[in-house]
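The values are calculated or read from the model by the stated rules, or taken from the named source; none is laboratory data. As the structure is a prediction and not an experimental result, all values here were calculated from the model. Reconstructed Cβ throughout: ideal geometry from the backbone, glycine too, with neighbour counts over all protein chains shown. Protein only, heavy atoms only, side chains kept; ligands, DNA and RNA dropped before computing areas. Shrake-Rupley method; radii C 1.70, N 1.55, O 1.52, S 1.80 Å.
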Amino acid sequence: MHDELARLQQFLSGRIWPAGKLPFDESVITKAKEQQLIDDVQAIEFLKGRPSCRRCRCTSFDTYIRYYCAKCDKICVYCRNCIQMGRLASCDTLVRWIGATATTDVKPKLQWQGQFTAAQARVSQELIDSVRAKRSHLVHAVCGAGKTEILFAAIEVALSMNWRVCVATPRTDVVLELAPRFQQVFPDVTVQALYGGAPLATSYSPFIVATTHQLFRFEGAFDIIFVDEADAFPYTFDVALQQAVVKARKQDGVTMLVTATPSINMQAQFQKTGAYSFIPRRFHGADLPVPRFASLWFYDKQLQMNRLPKKIARWIKNCEDKGQPYLLFFPTIALMKQAAHLFSVPAVYAEDAERKEKVLALRNGEVAGLLTTTILERGITIPRVQVAVIGAESAIFTASALIQISGRVGRAQHEPTGDIVFFHHGVTREMDAARREILRLNAEVN
């Protein structure tokens, strides 16, 4: 029983979990309650008469639905905001661990043989200083600047002080890319990857890489949370996700933001405190690829009529003739699905169950390219990849998104150039703003 209680401690430390859905025998849970190691809290609290979900902390009145509950034979309320993690109703409870928190004696040994540029070394040290001071920090670095590598030493410092660390990102694809990299450089530390559909691990980990949605499941867990791509959808538009980061931190915990495209307000906020770092150049020193604009009139009608526009066909043939992998971004899932049969490569989108396998196939050279939505605008690195955006004038393609999409190109040191083309039905301010910002960054010096 003692071993089972230790496993429950490892799993529940820092977590808040639906009662009745713990991956442990009921006898273990009963024993933990008898020893006052866990307690229950209401899943839906009522603050001044308004419902508030204890898991996601969403307070929007429209998010809550009243219904007749067969379980308690009363009218209950449930939260729609985090329903993808299982429905929580006002008659449900969540379980927390209130005993001694689990820890680990493993000391991290960073195993990375790379070399920093002068700018990377400076920012790495600035981040280490903020970690030691437990001060929130913003790292503003262009796409391809080596942001992940800059985090290594700061994470090592945090782990060496027995602090619990989380790297959170809005996208599952980024979790799948980052977790193996962190595990490789910290081989003595168990790095857990948490995302929708991930296998459930019951062991304790001092280092977690997770989607921001997964932070709904944590409360007072982390000393340091690094939010990668802090300006990305849906994080930047979803107050509940931002609150989830705060809820998942310990009371004295801090947040480190890492992004290539921070807002003006975000920059100003951190510049005031002196906890702001900027890298305007890629690690290999080459310029960011500058997007070119190519008109593509009535592309949507052509695709809907089962005709592949000649400009797109020529662009794809050029990539394939040179053996260059490519990404073709679409403004909507509907248009991409409708046109998918016109292409010889797979299509990926957020709800695609085979998304991970398709991206891996592109990385391994098993497919020539991918059709994609903005789900792959960030965090993915494919050597020699060429990129085209269909319908770059669409509202979904903000300046920030277009800069990130452009940043997929030319990331490798041995091939720092490539083609990024915005196929459009009219140039927008966002397109112009993205191009101007890339040109401005190219004019900066470290």
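May I ask for the distance between the Cα centers of segment 358-414 and segment 61-80, given as a whole number of Å? Rounded to whole Å, the Cα centres lie 42 Å apart. Of all the options 318, 162, 81, the one that moves most in a Gaussian network model of the chain with Cα springs shorter than 10 angstrom is 318.
Cross-link pairs exceeding 23 Å in C-alpha to C-alpha distance, out of 310/356; 109/272; 33/74; 134/250; 147/322, comprise 310/356; 109/272; 33/74; 147/322.
The stretch between residue 198 and residue 2, if pulled fully straight at 0.36 nm per residue, gains 67.8 nm over its current Cα-Cα span. Volume per residue for the chain equals 168 cubic angstrom (convex hull of Cα atoms). Using the Stokes-Einstein relation with a Kirkwood hydrodynamic radius computed over Cα pairs, the translational diffusion coefficient of segment 146-196 at 20 °C and a viscosity of 1.002 mPa s comes to 185 µm²/s. Antiparallel beta bridges, as assigned by DSSP with both residues in the chain, represent about 30 percent of the total such bridges. Amide H contacts of residue 141 (H built 1.01 Å from N, in plane; Pro and chain starts excluded): 259, 260, 279 sit under 5 Å, all sequence-distant by 5 or more or on other chains.
Using the Cβ of residue 58 as centre and a radius below 14 Å, the other residues enclosed give a net charge of +4, where K and R count +1 and D and E count -1. For the chain, the solvent-accessible area works out to 45 Å² per residue, with a probe of 1.4 Å and every protein chain left in place. Of all segments of the chain bounded by trypsin sites (Lys or Arg not before Pro) found in a DSSP loop with no more than 16 other C-beta atoms within 10 Å, the longest spans 136-306. Of all lysines in the structure, the ones whose alpha carbon falls short of 16 Å from that of residue 337, not counting any fewer than 8 places away in one chain, are 301, 358.
Over all directions, how big on average is the projection of the convex hull of the alpha-carbon atoms in segment 200-356, in square nanometres? Its Cα hull, projected and averaged over all orientations, spans 14.0 nm². Within segment 284-409, the proportion of C-alpha pairs whose separation exceeds 24 Å stands at 23%.
Classification of segment 82-215 by its C-alpha gyration tensor yields a prolate form. The axis ratio a/c (a ≥ b ≥ c) is 1.5 or more, and a/b outweighs b/c.
In summary, the lysines within cross-link reach of residue 31, defined as a Cα separation below 18 angstrom excluding same-chain residues under 8 places away, comprise 21. Within the shell of other residues whose beta carbon sits under 14 angstrom from the beta carbon of residue 410, the net charge comes to +3, with Lys and Arg scored +1 and Asp and Glu -1.
Taking Cα atoms, how many degrees apart are the long axis of helix 264-273 and the longest axis of the chain, rounded to 10 and kept between 0 and 90? Tilt relative to the chain: about 60 degrees.
The share of C-alpha pairs in segment 9-136 whose separation exceeds 22 Å stands at 58 percent.
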